[in-house]
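To start, the structure under review is shown below, and the notes come after it.
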Amino acid sequence: MKNIQIKWLYLVVLSLIWGTSFILIKKSLLGLTPFQLGALRTIITGVFLFTVGFRSIQQIEKTQWKWIALTGLLGSFIPAFLFAIAETEIDSAVASILNSLVPLNTILLGFAVFRIASTKRQVLGVIIGFIGTAILILKGAELNPEQNYLYAGYVIISTIMYALNVNIIKRHLQNIKPLSIAAGNYVVIVIPAIIVLLFSDFFKAETFSNPHFKMSLVYVTILSFFGTALAKVLFNKLIQLSTPVFASSVTYLMPIVALTWGVLDGEAFTVLQGFATIIILIGVYLSHKRQP
């Protein structure tokens with residue numbers, strides 16, 4: 001019983017943190033380009049993780065580094081840029097809603113690639129949650145016809161990468177401490193991030209003269225510490241405590257938080273979207289695989 005309560009606590013905390021991340025990305029883009037944002041997010045997160053977890057990297061065996069590198073690229077590096085690019089055209093709340101495809105992809109990839117079984121109850125929960133997500137997407141498109149929904153493809157690609165990430169951690173990195181995995185990820189991806197930043201025109205005068213530049217740095221720092229560094233460790237722990245499907249169901253709760261921030265920031269919200277969030281919550285509950 002205690003283990004079940006801990007898993008739900010992790011799920012709720014991660015939902016609050018990651019649900020807020022989308023509005024932070026939106027605000028950061030006021031003074032930064034998507035590539036500058038993605039690179040800075042990776043570098044700042046790396047500094048935080050190295051400070052508290054550099055020694056833990058020694059626990060990673062040589063044979064495990066290929067999986068550490070792969071999860072770093074799929075779970076952190078590439079999505080950091082894809083989400084930033086996507087939010088130049090679509091609302092932060094819409095991006096979080098599309099992110100709810102992660103559990104569906106987790107089940108499909110888990111079964112097809114990793115041979116990780118899922119129960120009928122989990123599948124039903126994902127389907128119900130996906131229906132709620134579809135309602136939110138359709139209503140969002142109706143409310144924002146001027147937005148380029150082709151950019152939603154960047155989020156969808158990210159959800160596939162996230163699904164691969166959680167399955168790899170569950171299959172190949174189950175016995176490594178979450179902080180070790182997170183710190184190891186950034187050992188691999190921080191150098192590419194520095195290279196991207198150098199070629200992103202970040203150090204040109206036009207960047208520093210942007211009136212939103214200073215506040216964008218504040219937003220990306222908050223995003224890096226809470227939305228990436230801390231959340232990365234918590235999420236790795238949640239995967240190890242539960243199942244890939246339950247861990248990825250955090251993406252069902254995130255839109256509720258993101259939509260709340262969106263409303264406060266002037267984005268539209270309807271009664272139908274509120275109904276859809278209830279459907280999503282039912283999906284989250286059903287996707288939880290209880291221990292016998």
Taking region 21-52 and keeping only residues that are of a type in the set (S, T, N, Q) and either over 16 Å from VAL155 (Cα atoms) or in contact with a His (Cβ under 6 Å, 6 or more places away or on another chain) (or both), one is left with SER28, THR33, GLN36, THR42, THR45, THR51
Could you check region 150-170 and list, in sequence order, the residues that are at pLDDT below 85 and surrounded by fewer than 16 Cβ atoms within 10 Å (Cβ to Cβ)?
LEU150
Counted residues in region 178-221 being in a helix (DSSP H, G or I) and among the basic types (Lys, Arg) come to 1
Of the conditions (1) surrounded by 14 or more Cβ atoms within 10 Å (Cβ to Cβ); (2) closer than 25 Å to GLN273 by Cα, PRO145 clears all except one; give me its number.
(1)
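So that you can scan it fast, the table gives a plain yes or no per residue for (1) over 12 Å from the mean Cα position of the chain (by Cα); (2) modelled with pLDDT under 95; (3) buried (at least 23 other Cβ atoms within 10 Å of the Cβ):
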| site | (1), (2), (3) |
| --- | --- |
| ILE57 | yes, yes, no |
| ILE68 | yes, no, yes |
| GLU89 | yes, yes, no |
| LEU98 | no, yes, yes |
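Output yes when any residue across region 55-68 is polar (S, T, N, Q), without any contact (Cβ under 8 Å) to a residue 24 or more places away in the chain and not in a loop (DSSP other than H, G, I, E, B), and no when none is. Talk me through it step by step, then tell me what you get.
Taking region 55-68 and keeping what is polar (S, T, N, Q), we get 56, 58-59, 63-64.
Checking the rest, the ones that are also without any contact (Cβ under 8 Å) to a residue 24 or more places away in the chain come to 58, 63.
Imposing the further condition that a residue be not in a loop (DSSP other than H, G, I, E, B) reduces the set to 58, 63.
Yes, some residue in region 55-68 is polar (S, T, N, Q), without any contact (Cβ under 8 Å) to a residue 24 or more places away in the chain and not in a loop (DSSP other than H, G, I, E, B).
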Can you find even one residue in region 263-280 that is buried (at least 23 other Cβ atoms within 10 Å of the Cβ), more than 19 Å from ALA93 (Cβ to Cβ) and in contact (Cβ under 8 Å) with a residue 40 or more places away in the chain?
no
Restricted to region 176-206 and to residues being under 15 Å from TRP65 (Cβ atoms) and polar (S, T, N, Q), the residue surrounded by the fewest Cβ atoms within 10 Å (Cβ to Cβ) is SER180
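The values are calculated or read from the model by the stated rules, or taken from the named source; none is laboratory data. Small disclaimer: the values here were computed from a predicted structure and weren't measured. Cβ sites come from the backbone with ideal geometry, for glycine too, and all protein chains shown count toward neighbours.
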